[in-house]
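The values are calculated or read from the model by the stated rules, or taken from the named source; none is laboratory data. Keep in mind the model is a prediction, meaning the values are calculated, not measured. Cβ placement follows ideal geometry from the backbone for every residue including glycine, while neighbour counts extend to all protein chains displayed.
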2 protein chains.
Amino acid sequence: MPESLAERRDRVLGAGAPLFYREPLHLVRGEGVALFDANRRRYMDMYNNVPVVGHCHPHVVAAVREQVGMLNVHNRYLHDGILRYGERLLARHHDGIESVVFTCTGTEAVEVALMMARLATKRRGIVCTDAAYHGNSAEVRKLARCQATTGEVRSVPFPDARRGAPADPAVWHLERLREVLDGFARDGVPVAAMVVCPIFANEGLPTAPAGYLPQAAAMVRAAGGLFIADEVQAGLGRTGHWWGSEVAGIEPDIVAMGKPLGGGVPIGAAAGSRAVVENFRRRTGYFNTFASSPLQAAAGNAVLDVIEREQLCANATRVGTMLRDGLAEIRENCEAMGEVRGRGLFLGVEWVTARDAQEAARADREGARRIVNALKDKGFLLGNAGAFGNVVKIRPPLVFSEQDAAAFLTAFAEAAGEARQAT
Amino acid sequence: MPESLAERRDRVLGAGAPLFYREPLHLVRGEGVALFDANRRRYMDMYNNVPVVGHCHPHVVAAVREQVGMLNVHNRYLHDGILRYGERLLARHHDGIESVVFTCTGTEAVEVALMMARLATKRRGIVCTDAAYHGNSAEVRKLARCQATTGEVRSVPFPDARRGAPADPAVWHLERLREVLDGFARDGVPVAAMVVCPIFANEGLPTAPAGYLPQAAAMVRAAGGLFIADEVQAGLGRTGHWWGSEVAGIEPDIVAMGKPLGGGVPIGAAAGSRAVVENFRRRTGYFNTFASSPLQAAAGNAVLDVIEREQLCANATRVGTMLRDGLAEIRENCEAMGEVRGRGLFLGVEWVTARDAQEAARADREGARRIVNALKDKGFLLGNAGAFGNVVKIRPPLVFSEQDAAAFLTAFAEAAGEARQAT
């Protein structure tokens, strides 16, 4: 029997390279919100945030095609494009974000953000949440689902408004942060920074208690640390705002960006005040071969062009609201659906065994997987996420239309109905 | 006065972002071995190894243009292109290199290589040289010009055949390695791996004692560790061989690759035996958003096509030998030139105050800078490198021709003559 594509993949990439779906998809083409497999079957992409303006957007494709035939070198020469891109990207942040260090990946952006904070504060302590993921390098992996209560990286419970005192649900979470900050001080490892995804994407988009993040940022700053927003997933229009930090009501000291920036061309970026960035430059001499390149500039500028011209932030809010309302309506007749969460075109549907059970106990990870595979069979590509793996992740390219949303809601209602009958 | 491009760069990227030459170059176009500035002045690129098949090679440009309009997604779907690329890349290594983990950057490839070695051996000790550079992340930076004699990362003096006993110059260096391995064992941090660039590029291409690397690899393996070759600079035809390890006479357990792989599209890769790679996959669940993508596959395959069709390994040997011989001839009348080193199209010329002085004392870093800037004024782009910063680095795209070499040698002889008169 000839070797299958999956067997060949196991041999070449090593078995265990992550793969989606019970029956993996062999993709050959993308266009807008559509992905096509080797049998020319069309799927609606409800998962991918890298092609934020849609797969193979003509404007981005044209910009990359032009630049790749013109010049593509490293950044130890002068080049106008990357400066224009940097200026445009910085202008979309609050005034305290003045200068930027480009990288290739979000992991590298978080690496740089951590170094920036540690060099600026001359401290080492980092606070993260206990169900976060910020990247794949040795240093950044320390923040992945961190349970540590000693050492340089320590976690607080990820915020969920359902925990703590109903009167002020932020209080319980802020007490946990206070304990970590006090522990850092006591152990002689004062806090350099707290780093969070401002919409807690990997945690499963839990609804944070009102006021939690602004108060947490104030506490960290009062303790002498900086606040880092990991906007790799939350940023660039995804929530209907440019940045997840705007939704959370915070103005971070340092911002890490990634995934969608280049619409498929690898771009990461870490930005902060000019003083913080220049201190980092001075102390490290940081250089990244493929970063700040004319190719990154062309792709990044083209993506910004499309988001602005096609008003994709507004589209994310409008279509996202329609999607969320539609899901909430389906939920009324589907006990397996816990919370419907999120903002703009980044939504999560909790899959639960019983709505009133405690959050970890009620998590129906298998149910969430089944619904994702059922929707794939119906032609809609989603994924699973969350601290307990039971959140159906809905994150289509931002060109997702109201018609697309209507088609998805119909399929979702069907799949939810079938899942109900099957149990 | 309007803001200059350099001032704007300091504001946007932060002052201190590395920049080449006394008068930085404002580049706008590249083609083959040529780079053009904003005044349409043509420069011959003698530095860049990322555009290994030449700037904007039509075959690579066409492949990228086609793929970017077709599909560009992450690797949790099946895709034929990346498997074909992986197979082709692996086939160019020795038989023990069976599976590959793709990344975006060389830094990420070295990150993965270190994790692979540590997970395979269940040990933490890493040996590097004292003048190496392997990347910019927190973990990999520990290997940069490492002087540590304690902890998990420790260095040996970079090999130079001029040191130690003339009868067997490898002995002195191997004794230093023995001390480090014994120190690791004594401190309960047994060795997981030794990692080197097999041609010691950042060390300035010193001539290693004959037999040093094979014997070092054997010693590390006897101590239970693995041998990692960082082929980011040395690999992909640069030396006239596919890999620097072939020049050094070693068969590494793990290989890290980067820079030239995608001809400008960010690709990094760490490869090893299938068992080592699958153990890494199993233990980490490693995923890299932009890696193993159809875009990487298209660019990587196109670069391999060109190297093979245009026989660029043979070209590197032929033109590299001509260059090296020509430089050796110029050296006869130029006391400032110390050793002429290197192999294929990666050469180094030591700039010295006196040829017979001790290596650190004789290093003429300023002289090397002056010659690089003088050659830039003559239209040839080079850089400085080495443990003492006094090596003129000659590393043109592999499509560099005999005519190109002749033009460069004429200019180099002139510049060397002018430098002699000026002193």
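Filter segment A:397-423 down to the residues that are within 17 Å of residue A:377 (Cα to Cα) and hydrophobic (A, V, I, L, M, F, W, C) and list them by number.
A:407, A:408, A:409, A:411, A:412, A:413, A:415, A:416, A:419, A:422
Looking at residue B:28 and the list (1) surrounded by fewer than 23 Cβ atoms within 10 Å (Cβ to Cβ); (2) assigned to a loop (DSSP other than H, G, I, E, B), which single condition is not satisfied?
Exception for residue B:28: condition (2).
Test residue B:281 against the criterion of being charged (D, E, K, R) and more than 29 Å from residue A:268 (Cα to Cα), and give yes or no.
In short, no.
Just give me the residues in segment B:50-62 being outside any loop (DSSP other than H, G, I, E, B) and within 10 Å of chain A (Cβ to nearest Cβ), in sequence order.
B:55, B:58, B:60, B:61, B:62, listed by residue number.
Please find, within segment B:93-111, the residue that is surrounded by the most Cβ atoms within 10 Å (Cβ to Cβ) out of those that are farther than 19 Å from residue A:104 by Cα and more than 7 Å from chain A (Cβ to nearest Cβ).
Of everything passing the filter in segment B:93-111, B:97 is surrounded by the most Cβ atoms within 10 Å (Cβ to Cβ).
Restricting to segment B:193-205, and then to whatever is among the hydrophobic types (A, V, I, L, M, F, W, C) and assigned to a loop (DSSP other than H, G, I, E, B), can you tell me which residue is surrounded by the most Cβ atoms within 10 Å (Cβ to Cβ)?
From segment B:193-205, those among the hydrophobic types (A, V, I, L, M, F, W, C) are B:193-197, B:199-201, B:205; that's our starting set.
Filter once more, so that each one left must be assigned to a loop (DSSP other than H, G, I, E, B): B:197, B:199-201, B:205.
Details: B:197: 26, B:199: 30, B:200: 28, B:201: 25, B:205: 28.
Here the residue is B:199.
Among B:163, B:145, B:141, which is at pLDDT below 95 and under 25 Å from residue B:348 (Cα atoms)?
Of B:163, B:145, B:141, the one residue that is at pLDDT below 95 and under 25 Å from residue B:348 (Cα atoms) is B:163.
Which number in (1) of a type in the set (D, E, K, R); (2) in a loop (DSSP other than H, G, I, E, B); (3) touching a strand residue (DSSP E or B) at 6+ places or on another chain (Cβ under 8 Å) marks the one condition that residue A:108 misses?
Here residue A:108 meets the rest and fails (2).
Restricting to segment B:32-49, what's the tally of residues that are more than 9 Å from chain A (Cβ to nearest Cβ), without any contact (Cβ under 8 Å) to a residue 40 or more places away in the chain and not in a loop (DSSP other than H, G, I, E, B)? It would help to see each step written out before you state the result.
The first filter runs over segment B:32-49 and keeps only residues more than 9 Å from chain A (Cβ to nearest Cβ), leaving B:32-34, B:39-44, B:46-47, B:49.
Going one step further and asking which of them are without any contact (Cβ under 8 Å) to a residue 40 or more places away in the chain, we end up with B:34, B:39-40.
Applying the additional criterion that residues be not in a loop (DSSP other than H, G, I, E, B) yields B:34.
Residues meeting the conditions: 1.
Conditions: (1) away from chain B (no Cβ under 14 Å); (2) out of contact with any Lys or Arg (no Cβ under 6 Å at 6 or more places or on another chain); (3) surrounded by fewer than 22 Cβ atoms within 10 Å (Cβ to Cβ). Residue A:190 meets all but one. Number of the miss?
The single condition residue A:190 does not satisfy is (2).
Working only within segment B:309-326, note down all residues that are within 21 Å of the chain's Cα centre (by Cα) and over 12 Å from residue B:399 (Cα atoms).
B:321, B:323, B:324
Return yes or no: is residue B:152 among the acidic types (Asp, Glu) and either touching a residue at least 40 places away in the same chain (Cβ under 8 Å) or more than 19 Å from residue B:96 (Cα to Cα) (or both)?
Yes.
Considering only residues that are out of contact with any strand residue (DSSP E or B) (no Cβ under 7 Å at 6 or more places or on another chain) and either closer than 10 Å to residue B:43 by Cβ or among the aromatic types (Phe, Trp, Tyr) (or both), which ones fall in segment B:378-388?
B:378
Of everything in segment A:122-139 that's under 24 Å from residue B:114 (Cα atoms) and within 15 Å of the chain's Cα centre (by Cα), which residue is surrounded by the most Cβ atoms within 10 Å (Cβ to Cβ)?
Only one residue tops the list, namely A:134.
List the number of the failed condition for residue B:143; all other conditions in (1) within 14 Å of chain A (Cβ to nearest Cβ); (2) without any contact (Cβ under 8 Å) to a residue 40 or more places away in the chain; (3) in contact with a strand residue (DSSP E or B) (Cβ under 7 Å, 6 or more places away or on another chain) hold.
Only one criterion in (1) within 14 Å of chain A (Cβ to nearest Cβ); (2) without any contact (Cβ under 8 Å) to a residue 40 or more places away in the chain; (3) in contact with a strand residue (DSSP E or B) (Cβ under 7 Å, 6 or more places away or on another chain) is unmet by residue B:143, namely (2).
If residue B:87 passes every condition in (1) under 23 Å from the mean Cα position of the chain (by Cα); (2) more than 7 Å from chain A (Cβ to nearest Cβ) but one, which one does it miss?
For residue B:87, the failing item is (2).
Could you tell me whether any residue of segment A:74-84 is buried (at least 24 other Cβ atoms within 10 Å of the Cβ), part of a loop (DSSP other than H, G, I, E, B), of a type in the set (Val, Ile, Thr) and in contact with a Gly (Cβ under 9 Å, 6 or more places away or on another chain)?
Looking for residues that are buried (at least 24 other Cβ atoms within 10 Å of the Cβ), part of a loop (DSSP other than H, G, I, E, B), of a type in the set (Val, Ile, Thr) and in contact with a Gly (Cβ under 9 Å, 6 or more places away or on another chain), one finds none in segment A:74-84, hence no.
Among A:114, A:90, A:119, which is crowded, with 22+ Cβ neighbours inside 10 Å, part of a helix (DSSP H, G or I) and either assigned by TED's automatic domain parsing to the domain that holds residue A:204 or among the hydrophobic types (A, V, I, L, M, F, W, C) (or both)?
Only one candidate qualifies: A:114.
Just to be sure, is residue A:65 assigned by TED's automatic domain parsing to the domain that holds residue A:404 and not in a strand (DSSP E or B)? Working first, answer last.
Values: assigned by TED's automatic domain parsing to the domain that holds residue A:404: no; not in a strand (DSSP E or B): yes.
No: the conditions fail for residue A:65.
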